[in-house]
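One structure below.
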Amino acid sequence: MLHGTLTLLTRSLRDNARRRAAHFVRLASVLLLLVMLIEAHVASGGLGAPGLRLFQALCYLSIALISLAGPGFFASAIGEEKEEGTLGLLKLADLSSVSILLGKSTSRLMAALTVFAGILPFALLSITLGGLSAQQIWCSFVAIAAFLILVANLALLMSVVCRRTSSASALMLLLLLGSLLLAPALHVARPNLEADGLVAKDGRALSGVGGVCEFLNDVSVLNRIGTILSTGFGEGAMSAQVWASLGGAFAAFAVSCIVFDRFTEYVGATPGGGSEGWWRTLNWRFRRPRPGHWPLVWKDFHFLAGGRAVLVVKSLLYLALLVALFWKDDWIWSLFQMSLKEMAWCVAAALAVAELLICGTKIFRSERADGTLPCLMMLPRNLVSISYAKLGGCLLGSAPTLLMFTVLVTVIPDTPFDQDEFFEGVVPICMGVLVLVHLTVLYSIIVPWGALPLALVTVLVGAAVIGPIVAAAVAAIYSAGHGSGGAFGPVLYAGLILSAALQVAIAIRLSTVAAQ
Amino acid sequence: MLIALSAAGGAVAGAADAPESEGTIEIREIEWGFDGKSPVQTFVPLSLLVENTGATPAKGALRLKKSVGRNQRVDVEYEQTYFISGFSSRWVQLTPYVIGDFEQWTLSWGPQFRNKVEVPTPRMGERATVLIAEENDTTAIGSVLRRCDPALFPTSVTGTDSLRGIVLHAVPSWQGARIQAFLDWLQRGGRLFLVHGADGEYPRFSGELAVLNDARDETRFGSGRITRIPLSVDDIDADTARQLILEPQPADRLVESLDSQVQRMSGNFPVSIEFDDYILRDLMYLTRFHRNWWVVYLAAVLYVLAVFPGSYLLGRRSADWRWFYAGFLGISVVFSAGFARLGQLGSSERSRTRSVAVAYQLADRMFDVTQYTCAASRNGDVYSLTTDGSGRLFTSCQDLEPVKGVARLADGVLDLDLPSASTCRILQRARMPGPALDVQARELEAGDGVLRNLVLSFGPDVYHDSMLACAWYDGTIHEMEAGPDGARLTTNRAAGSQFINTLDATPWKAQRQLNIWTSTDIEPATTTEAFQRLMAPLVGSTLRLPTGTYPKDVRLDPAFVRVLLFRTSSDEFQFEGNQFPDQEGYVLYVVDLPVAPGAP
């Protein structure tokens, strides 16, 4: 019985053992950690516990990468089979749901765990730098491994339940944000909310929500890592967080097995063509005008950015969001300890960045997926004008974001940062976002799924390796008396140069893909 | 995303550490230093006017935190207790260590998240010269001099590092500790200017301050100078103040830019005035637990090779794929055990401290001490560190990483959370009792900028085999030959600026300080030599040079000879208790001997 069940899993594990790419990924992760270790050793002169700082960074980096892998890598396990129409073939081969799930998801989990096992020895070298013990490292790895197993199986459940991979990814992302960030924030903010009289103490609804938040906070991997890395830690590796993660993973896998047939019974190829139901009705009311003189702009505005209907809906939503922020500004301070000004600008910036990134994932991926890239390249226009026309169409859909910024500038004219903070915070973030968007566009032409998570991983890993070097250079320039403007000049130049190089890479890749 | 995750991870811990408080208070005024400014790398008093807005007494603790960049907390937290009666206010003073103008400061009290204010970053400037005047003193309203409330004067000499000079036109309302702190400050080299009061006469002092009643225009009090200016406060205009009161000391005048100094020294980079950081980094090298890094990196290379091409070949060529997983996991386990073993400390390693200190003699067996310590913890623990004496101030001098610790200023205790196998830098100021030096000049011939002869005697138990002795007169440092019966000059001497200014910023590449005349590059072979190498930066740190200057020529007041004795530390300067069983250190004793006793 087990032979058939483990067929797919066995095949995947064999494939993982043989494939060059898998070995190179393991080697790259080991080398990355070695570089971080050397950097930490070189920079350890002025630090008291450089090993602890390095390992802390490694833990948070691992958690971030696992959180990105959830929506990007694990959430497509079943979804890609659904969208490519091959799930039916797997079921025709008389493979059970357990077998399919083990083969598609558990194999990916095993691949990730081997990478994890590969970096454990170098992580233990953090002890040599000072600041923590082997016990702390081992317990941290167990906690993060349990988190990885939980994320993989939760993403698998999303992938089974959701029809499309994008839906599964979005749902997984919301789940992670909610459990890792929102729930602990609410738990921490609860005394503040009660102290300010914004919520009633011991209210029934609040007790229920508060209980859930408290539970999620207690079993949060972040909380567990903080506990492990505190001085004097002497507990065992198996904690409430580990048990809860493993239990949740097992439950998610079990539910996936139970509901697999129900959610995959009538799955065929993903239907193309127009939208359905109320969305179709709404779109009909906002009938698309003729393309006019800018057909590429018209096309991407209506088919990627959503057209006038989405424009109106987004404008109303964003304005409603602003109104909600202004109306509940006392909640903002109690929850996040930020002023209304800071929160409004942060929300506006986050929405703008999110729109840019979504635009980046779609702008060429849709052409590639629909097979229209060769036709596009045959147009009597150069690649640059085609690309920027498409970008213009997508950015037209961001007019509501521009409207939101206009409202903010009018209502809150003071920016929440001074000149130093502009150079120390805004400039590096802008350059980071610029590089991230370019990477997203590039990866969307290379990989079928997960371009955005892959771009985020690249930026995170790159920042972890290059960040200390850039920080040292900035500090040296600042110490020489050039001020924050001069100190962060290299960050600006590096960001622009990197973006220009990525644009060239995108052009080359587009030409290559179009020719295939 | 990393920032959000790490912030989420640390949010709970931060809230749990805040001390309790009772009552409601408001911070009405914030005053940095004596004139609103702060020198770099100095303990600077931060005075807060705290008002109790309720009827019941308010008590608790104020916590001051420092951060750099994007809210990255650094250094320890500073805590000062308060007790304020209902509907009243009083000044509460903390004395944090200010490194530069890039730091941001936050003050909080109690666990309530709203009990928080952002403290403005102090403006950087030179040490202050201020007029001590009460807030309601109308006679000094028109003064061009910066005023300072006498209530803001620190209660210990350790809080006066940012004060250069004081102008008095009336007797200040000081008592007890403040008078002692003032006299100590003056003894250490403070500049006191006495001017006419409202009655047209100099102020008349009594009690402990009666020593200021000397009628001469210029008198000395230890290394300090008292100058009488026959003008009233209102008569002192900006030019007069600049010429008579704010005129810098000779050592401050002769400075030049860094570029011209590098050029003059043929490309050798002079040590900056960051003596504190330099000394603490050197101590860290002495304190750290030993590791065989070449073995570690060799093992690291072997592991990389085991992963690729080792496990790669295993996965590609073995007939059964399961061998790959067994082999890969086996490699991981073996090397994990090996690296864990390499990272462990030897059984002989103990928690330890290494320290150097500058102890300026205020009186017999009483010193104004600045102590640099690096502490290393073997197994990790929470330590409560304190020493004998009063006015104890602590900092970790750290602007790169947060230090889990609280400097409890009221009790003079540093609570420090040290992870296992980690180190921590500690800079401490204190007024401490010490050994009886009894340094006397048996023979002293000096004048016209030249020290021709000096023979010293000192008390029993002062001499130590590894002791170094120097005498600094005017612009020259003279090496002395020390023995059990005293010390006398040798023929070796060097310009003061050359003595303190030729260190390369990289540890272990510095010229041996007392062999500067032979210009030899020597790697310290012993711990003793490593400590002795720190004598020059310690001497430099005593000068309190102006911000951002690189002294071309450093001269002391020719009215006295500065004797510098560098020897092993005595028990009085070590941390109390046996939390650190291995404590080792050196002390630079500074004794100023008048060339002509009693003369200005």
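Observations
- Extreme residue, farthest from the other protein chains (Cβ to nearest Cβ), among residues of segment B:344-367 that are more than 28 Å from the chain's Cα centre (by Cα) and surrounded by 13 or more Cβ atoms within 10 Å (Cβ to Cβ): B:E349
- Screening the candidates A:L150, A:L156 for the property of being closer than 10 Å to A:A75 by Cβ, touching a residue at least 12 places away in the same chain (Cβ under 8 Å) and surrounded by 22 or more Cβ atoms within 10 Å (Cβ to Cβ) yields one hit, A:L156.
- First in segment B:294-323 and more than 22 Å from A:L9 (Cβ to Cβ), second anywhere and polar (S, T, N, Q), Cβ under 7 Å, 6 or more apart: B:V296/A:T128
- B:G389, sole failed condition from (1) surrounded by 17 or more Cβ atoms within 10 Å (Cβ to Cβ); (2) at the interface with chain A (Cβ under 10 Å from one of its Cβ atoms): (2)
- Test: residue in segment B:153-161 that is surrounded by fewer than 22 Cβ atoms within 10 Å (Cβ to Cβ) and either within 14 Å of another protein chain (Cβ to nearest Cβ) or not basic (K, R) (or both): yes
- For segment B:406-423, a residue qualifies if it is surrounded by fewer than 24 Cβ atoms within 10 Å (Cβ to Cβ) and not in a loop (DSSP other than H, G, I, E, B), and the qualifying residues are B:V406, B:R408, B:V413, B:D415, B:D417.
- A search for C-beta distances below 9 Å between a residue of segment A:219-242 that is within 12 Å of chain B (Cβ to nearest Cβ) and over 18 Å from A:L176 (Cβ atoms) and any residue that is in a loop (DSSP other than H, G, I, E, B) and among the acidic types (D, E), counting only pairs 6+ apart in sequence or on different chains, returns A:T227/A:E235; A:I228/A:E235.
- Cβ-Cβ under 6 Å pairs, at least 6 apart or on other chains, segment A:315-336 side under 22 Å from A:A195 (Cβ atoms), far side of a type outside the set (A, V, I, L, M, F, W, C) and buried (at least 17 other Cβ atoms within 10 Å of the Cβ): A:S334/A:N192
- Filter result for the condition that a residue is more than 8 Å from every other protein chain (Cβ to nearest Cβ) and either in contact with a Leu (Cβ under 9 Å, 6 or more places away or on another chain) or at positive phi (or both), over A:S29, A:S12, A:S67: A:S12
- Counting only helices (runs of 4 or more DSSP H) wholly contained in segment A:155-261, the ones carrying 2 or more residues that are over 22 Å from the mean Cα position of the chain (by Cα) occupy A:183-195, A:204-218, A:221-228.
- Scan of segment A:35-52 for residues that are modelled with pLDDT under 90, of a type outside the set (S, T, Y) and in contact with a helix residue (DSSP H, G or I) (Cβ under 7 Å, 6 or more places away or on another chain), ordered by number: A:V35, A:M36, A:L37, A:E39, A:A40, A:H41, A:A43, A:G45, A:G46, A:L47, A:P50
- Which numbered condition B:L400 misses (of (1) farther than 30 Å from A:P468 by Cα; (2) within 10 Å of another protein chain (Cβ to nearest Cβ)): (1)
- Selection count, segment A:431-441, where residues are within 14 Å of chain B (Cβ to nearest Cβ) and either of a type in the set (S, T, N, Q) or within 17 Å of A:W345 (Cα to Cα) (or both): 1
- Meets criteria (modelled with pLDDT of 85 or more and part of a helix (DSSP H, G or I)) for A:I100: no
- In segment A:45-63, the residues that are hydroxyl-bearing (S, T, Y) and at the interface with chain B (Cβ under 9 Å from one of its Cβ atoms): A:Y60
- Filter result for B:R429 (assigned by TED's automatic domain parsing to the domain that holds B:V591, of a type in the set (K, R), under 23 Å from B:E529 (Cα atoms) and assigned to a strand (DSSP E or B)): no
- In segment B:300-343, the residues that are facing chain A (nearest Cβ under 8 Å), farther than 17 Å from A:L33 by Cα and among the hydrophobic types (A, V, I, L, M, F, W, C): B:W321, B:F324, B:F328, B:L329, B:L342
- Pairs with Cβ under 8 Å, 6+ apart, first in segment A:37-60 and farther than 18 Å from B:A421 by Cα and assigned by TED's automatic domain parsing to the domain that holds A:A117, second among the small types (G, A, S) and modelled with pLDDT under 85: A:A57/A:A464; A:Y60/B:S6; A:Y60/B:G9
- Any chance A:R20 is at the interface with chain B (Cβ under 9 Å from one of its Cβ atoms), under 24 Å from the mean Cα position of the chain (by Cα) and either of a type outside the set (S, T, Y) or surrounded by fewer than 21 Cβ atoms within 10 Å (Cβ to Cβ) (or both): no
- A:G208 falls short on exactly one of the conditions (1) within 14 Å of chain B (Cβ to nearest Cβ); (2) out of contact with any Leu (no Cβ under 8 Å at 6 or more places or on another chain), and that condition is (1).
- Unmet requirement for A:I477, which otherwise passes all of (1) among the β-branched types (V, I, T); (2) modelled with pLDDT under 85; (3) within 27 Å of A:L65 (Cα to Cα); (4) in contact with a helix residue (DSSP H, G or I) (Cβ under 8 Å, 6 or more places away or on another chain): (3)
- Some residue of segment B:30-42 being of a type in the set (D, E), within 23 Å of B:C397 (Cβ to Cβ), in contact (Cβ under 8 Å) with a residue 12 or more places away in the chain and touching a Ser or Thr at 6+ places or on another chain (Cβ under 7 Å): no
- Residue match in segment B:417-424 (condition: in contact (Cβ under 8 Å) with a residue 24 or more places away in the chain and more than 14 Å from chain A (Cβ to nearest Cβ)): no
- Yes/no for A:S76 being out of contact with any Lys or Arg (no Cβ under 6 Å at 6 or more places or on another chain), more than 14 Å from every other protein chain (Cβ to nearest Cβ) and in a loop (DSSP other than H, G, I, E, B): yes
The values are calculated or read from the model by the stated rules, or taken from the named source; none is laboratory data. Remember, it's a predicted structure, so these values are computed and weren't measured experimentally. Cβ atoms come from the backbone with ideal geometry, glycine included; neighbour counts cover every protein chain shown.
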